[in-house]
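So the structure is just underneath, and the comments pick up after that.
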Amino acid sequence: MAAHPTHALAELATDFSLLIDGELVTTPSWLDVINPATGRIFARCPAAGREDLDRAVDAARRAFPDWSDTSYGARALRIGAFCQSVRANQESLARLLTTEQGKPLAQARDEIARAASQSEGLTRIPIRPQLLEDSDQRRIELQFFPLGVAGVITPWNAPVNLAAGPLTSALYTGNTVILKPSPYTPLTTLKMGELAREHFPHGVVNVLAGGDELGSWMTEHPGIDKIAFTGSVETGKAVMASAAKTLKRVTLELGGNDAAIVLDDVDPKAIAPKVFFAAFVNSGQVCMAIKRIYAHESVYDALCDALAEEARNATIGSGLDAQTQFGPIQNRMQYDRVLGILEDARRTGARILAGGEIPSGDGYFLPPTIVADVDEDSRLVREEQFGPIVPILEFTDEEDALRRANNTRYGLSGSVWSRDPERAAALASRLEVGTAWVNHHRATSATVPFGGAKESGIGRVYSEMGLKAYLEPRVVSVLKSSI
Ligand code: NAD
């Protein structure tokens, strides 16, 4: 965080504000934001200090009684109007998202459209009290009431979509919100805050950009009742430890190391484009991307060839260029990490089938890289690479493939590919994951719970299950006999 601007402001986009208590505010501290396609700072935005957080929390607490008293229907209407505003601004939001995040413009547009439609989908899920007993003696009802102020902390890979789910879930269920985007990609979220200002009462939605320390101030703040965190496993553990001091509720959506198991009966050429896209979309920077491919020995070579062909035909470049299919890695730190993983794979004797060479020029680019004959203990297989480099490993026996797929501390999602969906589903049902797909990979919807098993998270987003993570259950038990 820079306290004193050192760049000529005229060259930078600076039209960004925090949203606190319904007001758009600036601060004396700034965050510089880098365009990953050039590696250069292109914008700067205000960064919140502790006192800004305190003011936002005060505002959110003051707004809570009225907002939580508002009906689900009325809250859904306001969320719907906000979604319409997001749609109306889709193009300018998408260009900003691509410039700060790197993904191709078409995918940025899609992210914004999905954020709006999934938010609306969430507000169509009814939350009603449950009647547990209605006997001659007593009536027992299970009710649900909002928690209070929710702190929403998001990562840099899909900042709009990953804010929309928790933001809408919190608001629809009657909570007020402090939303903090990643310091690498704060801008589109701040613009969403400007739009939210037009649709929600003061203090109901507050948006604060800031560094990692802002996240830890939120997790320890006594005025925040719940943290919805999306990010890495390591930070997720720090969030949970910090939240424990005030017994905040937590939803943790963390990293993954998804396996795709490809059975012996597939046509490798036919599935290669689908497997390739699910592994490399957003240059592999997707929590639920395919990160390990286990292919049966009878299709291994053909699948290697077909995936390498896909990689060689891919167009990489700035997300703002219409022909670009794969943009840069989002930030320098992640770029260096991915290059380190590639180096480790080379050093341990892996075969690079396609990609692997850093193009000349600016920006954090690595083309889609397919790696065969990988050591199972290499970093590429053990760690979450979160970048455009994917290993393809061979198996003979399905039980062995399943054991290797499950041999990880991660448990976000996985998939099985076969001409026989029932056979694949039987194997998929034994993956230790929050979501197991058959013949596809990477799909979410407002009505289907999504989240991680094992160290990939705690709790679920979307669906009634996800919404109830923003509500406290309360049993009301009434004896029917008079006293
Ligand atoms: P990160 O954990 O570094 O940061 C995520 C957010 O946490 C940022 O806003 C950051 O400022 C904040 N933060 C950092 N330190 C903090 C602390 N001590 N307390 C509170 N907040 C803190 O993650 P990232 O690098 O931005 O994102 C990539 C990771 O996110 C990957 O592991 C990816 O798999 C994961 N992810 C998971 C999902 C999911 O739904 N399961 C979705 C997208 C990304």
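The values are calculated or read from the model by the stated rules, or taken from the named source; none is laboratory data. This is a predicted model, so every value here is computed, not measured. Cβ atoms come from the backbone with ideal geometry, glycine included; neighbour counts cover every protein chain shown.
A few comments on the model shown:
- Filtering R404, R409 for residues that are away from the ligand (no atom under 16 Å from the Cβ) and either over 17 Å from the mean Cα position of the chain (by Cα) or closer than 28 Å to V239 by Cα (or both) leaves a single hit, R404.
- Residue within the range 40-50 that is part of a helix (DSSP H, G or I) and either at pLDDT 95 or above or buried (at least 20 other Cβ atoms within 10 Å of the Cβ) (or both) present: yes
- Going through (1) over 17 Å from P186 (Cβ atoms); (2) part of a helix (DSSP H, G or I); (3) within 23 Å of the chain's Cα centre (by Cα) one by one, R124 falls short only on (2).
- Every condition in (1) in contact (Cβ under 8 Å) with a residue 24 or more places away in the chain; (2) within 9 Å of the ligand (Cβ to nearest atom) is met by A238 except one, and the failing one is (1).
- Filtered residues of the range 339-366 (kept if basic (K, R) and either under 29 Å from I41 (Cβ atoms) or not in a helix (DSSP H, G or I) (or both)): R351
- In the range 284-304, residue nearest to the ligand (Cβ to nearest atom) [restricted to those that are in contact (Cβ under 8 Å) with a residue 24 or more places away in the chain and part of a helix (DSSP H, G or I)]: G284
Each row is one residue, and each column tells you yes or no for (1) within 23 Å of M465 (Cβ to Cβ); (2) of a type in the set (K, R); (3) in contact (Cβ under 8 Å) with a residue 12 or more places away in the chain.
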position: L93; (1), (2), (3): no, no, yes
position: R109; (1), (2), (3): no, yes, yes
position: R114; (1), (2), (3): yes, yes, yes
position: G121; (1), (2), (3): yes, no, yes
position: L142; (1), (2), (3): yes, no, yes
position: F145; (1), (2), (3): yes, no, yes
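- Residue check for D265: of a type in the set (D, E) and surrounded by 24 or more Cβ atoms within 10 Å (Cβ to Cβ): no
- Residue list for the range 205-236, restricted to those being over 23 Å from R292 (Cβ atoms) and assigned to a strand (DSSP E or B): V205, N206, V207, K226, I227, A228, F229
- For the range 177-191, the candidate set comprises residues that are within 15 Å of the ligand (Cβ to nearest atom), of a type outside the set (V, I, T) and not in a loop (DSSP other than H, G, I, E, B); within that set, the residue that is surrounded by the fewest Cβ atoms within 10 Å (Cβ to Cβ) is L190.
- Of the helices (runs of 4 or more DSSP H) lying entirely inside the range 398-483, not one is found with 2 or more residues being basic (K, R), in contact with a Phe, Trp or Tyr (Cβ under 8 Å, 6 or more places away or on another chain) and at pLDDT below 95.
- Leading residue by the ranking (surrounded by the most Cβ atoms within 10 Å (Cβ to Cβ)) among those in the range 331-359 that are in contact with a helix residue (DSSP H, G or I) (Cβ under 6 Å, 6 or more places away or on another chain) and not aliphatic (A, V, I, L, M): G355
- Residue among V239, V281 that alone is touching a Ser or Thr at 6+ places or on another chain (Cβ under 9 Å) and assigned to a helix (DSSP H, G or I): V239
- Qualifying residue in the range 255-273 (condition: of a type in the set (S, T, N, Q), within 10 Å of the ligand (Cβ to nearest atom) and out of contact with any His (no Cβ under 8 Å at 6 or more places or on another chain)): yes
- Taking the criterion of being over 22 Å from the mean Cα position of the chain (by Cα) and either among the small types (G, A, S) or crowded, with 24+ Cβ neighbours inside 10 Å (or both), the residues of the range 370-390 that qualify are I370, V371, A372, S378.
A quick yes/no check of all residues on (1) surrounded by fewer than 17 Cβ atoms within 10 Å (Cβ to Cβ); (2) within 12 Å of the ligand (Cβ to nearest atom); (3) of a type outside the set (F, W, Y); (4) part of a loop (DSSP other than H, G, I, E, B):
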position: R128; (1), (2), (3), (4): yes, no, yes, yes
position: L132; (1), (2), (3), (4): yes, no, yes, no
position: L142; (1), (2), (3), (4): yes, no, yes, no
position: N161; (1), (2), (3), (4): no, yes, yes, no
position: S169; (1), (2), (3), (4): no, no, yes, no
position: E194; (1), (2), (3), (4): yes, no, yes, no
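- Taking every residue in the range 383-403 that is on the phi > 0 side of the Ramachandran plot and pairing it with any residue that is among the small types (G, A, S) and part of a strand (DSSP E or B), at least 6 positions away or on another chain, yields no pair with a Cβ-Cβ distance below 8 Å.
- Scanning the range 445-483 for residues that are away from the ligand (no atom under 16 Å from the Cβ), under 21 Å from A115 (Cβ atoms) and of a type in the set (S, T, N, Q) yields one hit, T447.
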